[in-house]
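Following: one structure in structure tokens, then a few remarks.
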Amino acid sequence: MNDPPTDSSESDGATPNGTNGGQPKADSVVGDQVTVAELLAAIKTLESVADDRSPLLQLDKGQIAQLLKAAGRVAHPGRAARRQLIRAQRSARKVATEELRAQDETQLQRTGIRRQTQSNRSLAGAPPRPSAEILPPPAVSASDKSIAILQVPRNCYICKRDFHRVHFFYDSLCEDCAEFNWQKRNQLADLREKTVLLTGGRVKIGFEAALKLLRCGANLVITTRFPRDAADRFAAQADSEQWSNRLSIYGLDLRHSQSVEAFARHLCTQLPRLDFILNNACQTVRRPIGFYEHLMERERQSTHALPLLQREFLAGYDNFVDSHTTTASGRLPARATGELNGGRGNQEATVSSLATQLAGMVRAAELSQVALADEDRQHGYEVFPTGQYDSDSQQVDLRQRNSWRLKLADISTVELLEVQLVNAIAPFLLNARLKPLMMRTPSPEKHIVNVSAMEGVFYRAFKRDTHPHTNMAKAALNMMTRTSAVDYVKDGIYMNSVDTGWITDEDPIEITRRKEQELGFRTPLDAIDAAARICDPYFHGLNTGEHTWGKFLKDYQVSNW
């Protein structure tokens, strides 16, 4: 139900035009000098004169002409005067609406998605806190999960309808969409004995998806360029000991295709089965090497220096690295020489020092420090300040411009190729090389989800002219789904592309903060919502027996390509 407010206690008797039910106060000022009381008196006087013109005899001819002329100008204003009045009316309505929205903002701050953002904001590089289930406030009944009624309607992010009633958790969804998304957000499935591969599982969507899968009982393999940092984040979870024996973390740089193929071969020899591939990792905005520098000290630590739980997560990966780093030419150097970013404390790894077919695995973190583009050499502490982290415990990026705002002629060849390698080529290789492993067991309930985005959709009325390289990569990923899903389904493997929903503002931080302050902008969903979306084809299929394939899914529904 999306009914407008009718209870005076909710709306304080105000109407959207801010006139208290259409009756202005007598002492309010209109313009710079005239009051409402004076205008009302003028109306009464003119109506009296219209009924009986004899009072005009008290005036001389000049005064009578002046009165009639003024009345005529009020009754029939010129074009400029009409425009001035219209502008004043619009301005007054805008001010009144903004006042009501400011009151609504107080109510929206009570929603779970807002309170969660406020409470989880981290000022240090600590791992995220465990995700606690947010329950409705005690005063909310099971039949009505709204916590407030807005005075100015909002537009639902999903169905696009206007709504007044605010769900206890979502601030940008109507009641129907909010309740459906809340149920999906908390959806579970029995994944015991299932094995899942998840790429990009260290932060944000991938991290939340990993926790969902682990808490459902899955045996999970995740990849990340920074495996030790990932191990620390998972170890910090309050329930980590309940699933620690089912989590394996591998270092893998998806830009290095030879390593991706080697990783697939390794899994085929190590895993008895594979039920679900979740191609989550992607590169949207390229970060210079300084963005990752604070992670390197931890990544370069010896395995023996790590706590026992982290060593357990990394056991398979460290065994792989140990067996492949000692060659005829000796061990790969831990560091190469040459200063990074013009005299910073870290050292730059050169391409030649990492020239190996397995560099993307055995030196996954080190590859993040190879200067490939001009921006890698230009940005230092002034844009990546030491010790400043965002709500995901990632380095704050103070650059005034990033690739989200770049157009075709501005994008470097390095970034173009990296985006294609991570977003399209790596999923292609994993889906192709791991198919024999997925077919090893006869179960017909296997899934592949290629995590996509609306940027890769063709059937949109409006398409921005920025970041064409990411649009290309997601469109290519979608085409793989459309082309190969019909082939894989013959072997009981259901392949789909899934949009995560809007959880991140990719604009530079200065623009993002300005939008928050001036427009009250917030993304409508969070990382847990996105994780629920990309896991849903598998969860829904297992729970209902209805397996979708060959589709592009947005907000849990089939959408246009």
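Side notes on the structure shown:
- Close pairs (7 angstrom Cβ cut-off, 6 or more residues apart or separate chains): aromatic (Phe, Trp, Tyr) in segment 510-539, surrounded by fewer than 15 Cβ atoms within 10 Å (Cβ to Cβ) anywhere: PHE521/LYS515
- Wholly enclosed strands (runs of 3 or more DSSP E) of segment 457-561 bearing at least 2 residues on the phi < 0 side of the Ramachandran plot and surrounded by 16 or more Cβ atoms within 10 Å (Cβ to Cβ): 493-499, 552-554
- Taken over segment 418-449, residues that are part of a strand (DSSP E or B) and either outside the structural domain of LYS551 (by TED's automatic domain parsing) or under 29 Å from SER368 (Cα atoms) (or both) amount to 2.
- You will find that of VAL260, VAL285, the residue that is among the β-branched types (Val, Ile, Thr), farther than 16 Å from MET361 by Cα and touching a residue at least 12 places away in the same chain (Cβ under 8 Å) is VAL285 and no other.
- Evaluation of LEU198 against (1) out of contact with any Lys or Arg (no Cβ under 7 Å at 6 or more places or on another chain); (2) outside the structural domain of ILE277 (by TED's automatic domain parsing) (one fails), failing number: (2)
- Index of the failed condition, ARG83 passing every other in (1) touching a Ser or Thr at 6+ places or on another chain (Cβ under 9 Å); (2) more than 30 Å from ILE147 (Cβ to Cβ); (3) modelled with pLDDT of 75 or more: (1)
- Enumeration of residues in segment 263-280 that are touching a residue at least 24 places away in the same chain (Cβ under 8 Å), more than 30 Å from the chain's Cα centre (by Cα) and part of a helix (DSSP H, G or I): ARG265, HIS266, LEU267, CYS268, GLN270
- The set of residues in segment 146-175 that are charged (D, E, K, R), in contact (Cβ under 8 Å) with a residue 40 or more places away in the chain and not in a strand (DSSP E or B) comprises ARG161, ASP171, GLU175.
The values are calculated or read from the model by the stated rules, or taken from the named source; none is laboratory data. Note that the structure is a prediction, hence the values are computed from the model and not measured. Glycine gets a Cβ as well: all are built from the backbone with ideal geometry, and neighbour counts include every protein chain shown.
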